[in-house]
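The values are calculated or read from the model by the stated rules, or taken from the named source; none is laboratory data. Note that the structure is predicted; figures quoted are calculated from it, not measured. For neighbour counting, all protein chains shown are included, and Cβ atoms are generated from backbone atoms with ideal geometry for every residue, glycine included. In case anyone asks, the SASA skips ligands and DNA or RNA and just uses the protein heavy atoms, side chains included. Shrake-Rupley method; radii C 1.70, N 1.55, O 1.52, S 1.80 Å.
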Amino acid sequence: AEATGRPLDAARALVELDALLPDRRLREQNQRAIWTTLSEVPLEMLRALMPPPPDQTGAWLELAYLTRSHRLEPDTLEAELKQWRRRYPRHPANDGLIQELLAYYRDAVSAPERVALLLPLSGNLSVPGKAVLEGFMAAYYASDYRPQIKIYDVGDDPIRALTAYQEAVSAGSDFVVGPLTKESLIMLASASRLTTPLLALNTLPAGVDPVSGMYQFALAPEDEAVAAADYAVSQGLERALVMVPEGEWGERVAAAFTRALEQRGGTVLETVSYNAQGTDFSAPISALLNLNASNQRARQLRNTLKRSIRTEPQRRQDVEVIFVGAFPRAARLIRPQLRFFDAIDVPVIATSHAYSGAPNQADKDLDGVQIVDMPWLLRAVPGHGLNRQELQQLREMASQHPRLYAFGIDAYLLVRYLPLLRQHPTESLEGHSGVLSLDAQGQIRRRLFPAGFRSGTLRFDGQAAQRAFGFNPD
């Protein structure tokens, strides 16, 4: 069950095994395996699946839910686990695992007391900078953890980002968040080392190495392409066509999707690029579907027979999925044109860039398209005290720039959570921009979730999530 991506089934089997093991050492190993397996199940799913006491598996689910909900608040966690022990006095986790968990999270939590925030609040990038700032501060006011925050406007000047970092460190900041642009990040990377940890809100370009103390967090299109490949493979769709816009962005997305799909055993059969400013995509779609080859065969047949014959071009039949990198306008044009060229029965998966982030009647042209997107736009994330609907009604930035707003929220959560991710690579944070984890290179990775367009509305795809993650999210 674990090997086939069904963590809940794996945990149930381990719970049954626990009662059959002959000695304490084996039971302790098994209980750690139960805990590790339950750590792969999203938090809200644990809450939805918990049966009432005294069910043994339900007790494990409740233990996992309570611990992961309060793991950054050791005193609260200890109080919750005392209540849990009263409800399940004979549960095997009482023999030692509870104390291990409390010690584990007490040692891991070391939240900064003074945080500096480096953002472009003036200049050409002031709008995204302010959206990130508002999300960051929304998380601050919703949290019981409130360090001292000092905000630095770094504008458009990369040199200002470096001097602001130095000023923040001199002023006593023990953690720095930002800057937002690659150019500013390159400037910071030119330093020999960073004396105070930095959570950069972008990623360094290829060929530029990070320095010690730098962590990178971004809404990178490559993350979305990898998530799309994961989703395709989870649906058994391993033979793909790729269609991306001309230019660097499209090349990065296509390369990331291809690499991820091939690493998972899939194959990219063909890749084409298109002019994102155009409206007629018949030429790249014809090339993608091998309709050009079909037309060429028809011409050869006419020349051979020396007569006029009626033919209908046939698209290639070896494709299982089409991956499209596109922004809303182009995506709304590409989907109907794929239908016109007889690809109506081929699943289409896109990155979240195909969706503006707000309901739009024009999205009816995207019906049937699946995308991968952040939880903030799909469903509530428990445990952070933030309500998207309320914030969008009250805050203009939350409504107009929802992804950047969610990005700012998660940047704040990572201030507190990064030490735990750094010390324990198997840990993850269920954030609003994705399920977040830290890789060996110091980059925050985002796991996204599937959704589909039906009647012009984007809806979280529970059945697809069940196939992808091994349990029913409903």
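For this structure, a couple of remarks:
- For region 183-204, the set of residues classified as out of contact with any helix residue (DSSP H, G or I) (no Cβ under 9 Å at 6 or more places or on another chain) and part of a helix (DSSP H, G or I) consists of 189 only.
- Beta carbons closer than 6 Å, at least 6 apart along the sequence or on distinct chains, pair a first residue in region 189-200 that is more than 19 Å from residue 159 (Cβ to Cβ) with a second that is among the hydrophobic types (A, V, I, L, M, F, W, C) and at pLDDT 90 or above for 197/175; 199/177; 199/217; 199/414.
- Residue 167 closer than 18 Å to residue 114 by Cβ, among the acidic types (Asp, Glu) and open to solvent by 20 Å² or more (accessible area, probe 1.4 Å): yes
- Residue check: residue 437 meets all listed conditions (1) under 19 Å from residue 71 (Cβ atoms); (2) modelled with pLDDT under 90 but one, namely (2).
- Count of region 254-288 residues which are open to solvent by less than 30 Å² (accessible area, probe 1.4 Å), of a type outside the set (Phe, Trp, Tyr) and assigned to a loop (DSSP other than H, G, I, E, B): 2
- Region 170-182 - residue that is touching a residue at least 24 places away in the same chain (Cβ under 8 Å) and exposed (fewer than 15 other Cβ atoms within 10 Å of the Cβ) and, of those, nearest to residue 419 (Cα to Cα): 172
- Within region 1-20, residues that are farther than 11 Å from residue 35 by Cα and open to solvent by 60 Å² or more (accessible area, probe 1.4 Å) reach partners that are in a helix (DSSP H, G or I) and at pLDDT 85 or above with beta carbons closer than 7 Å, at six or more positions or on different chains, in the pairs 2/10; 2/37; 17/30.
- Members of region 205-218 found to be assigned to a loop (DSSP other than H, G, I, E, B) and crowded, with 20+ Cβ neighbours inside 10 Å, listed by number: 217, 218
- Among the strands (runs of 3 or more DSSP E) confined to region 342-445, the ones with at least 3 residues that are under 27 Å from residue 331 (Cβ atoms) are located at 348-350, 370-373.
So that you can scan it fast, the table gives a plain yes or no per residue for (1) in contact with a Leu (Cβ under 7 Å, 6 or more places away or on another chain); (2) at pLDDT 90 or above; (3) small (Gly, Ala, Ser):
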{"residue": "374", "(1), (2), (3)": "yes, yes, no"}
{"residue": "406", "(1), (2), (3)": "no, yes, yes"}
{"residue": "413", "(1), (2), (3)": "yes, yes, no"}
{"residue": "417", "(1), (2), (3)": "yes, no, no"}
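- Residue in region 388-402 that is open to solvent by 30 Å² or more (accessible area, probe 1.4 Å), modelled with pLDDT of 95 or more and of a type outside the set (Lys, Arg) present: no
- Criterion violated by residue 137 - all others in (1) under 22 Å from the mean Cα position of the chain (by Cα); (2) surrounded by 19 or more Cβ atoms within 10 Å (Cβ to Cβ); (3) closer than 16 Å to residue 115 by Cβ satisfied: (2)
- Of all residues in region 376-387, exactly one satisfies the criterion of being modelled with pLDDT of 85 or more, among the aliphatic types (A, V, I, L, M) and closer than 21 Å to residue 130 by Cα, namely 377.
- Whether a residue is in contact (Cβ under 8 Å) with a residue 12 or more places away in the chain, over 20 Å from residue 429 (Cβ atoms) and surrounded by 13 or more Cβ atoms within 10 Å (Cβ to Cβ) was assessed, and residue 33 passes this test.
- Restricting attention to region 239-253 and to residues that are more than 21 Å from the chain's Cα centre (by Cα) and surrounded by fewer than 18 Cβ atoms within 10 Å (Cβ to Cβ), the residue that is farthest from residue 403 (Cα to Cα) turns out to be 239.
Residues checked against (1) at pLDDT below 85; (2) surrounded by fewer than 17 Cβ atoms within 10 Å (Cβ to Cβ):
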{"site": "60", "(1), (2)": "no, no"}
{"site": "63", "(1), (2)": "no, no"}
{"site": "70", "(1), (2)": "yes, no"}
{"site": "77", "(1), (2)": "no, no"}
{"site": "85", "(1), (2)": "no, yes"}
{"site": "93", "(1), (2)": "no, no"}
{"site": "98", "(1), (2)": "no, no"}
{"site": "108", "(1), (2)": "yes, no"}
{"site": "112", "(1), (2)": "no, no"}
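- Single match in 39, 69 (criterion: among the hydroxyl-bearing types (Ser, Thr, Tyr), under 22 Å from residue 385 (Cβ atoms) and touching an Asp or Glu at 6+ places or on another chain (Cβ under 9 Å)): 69
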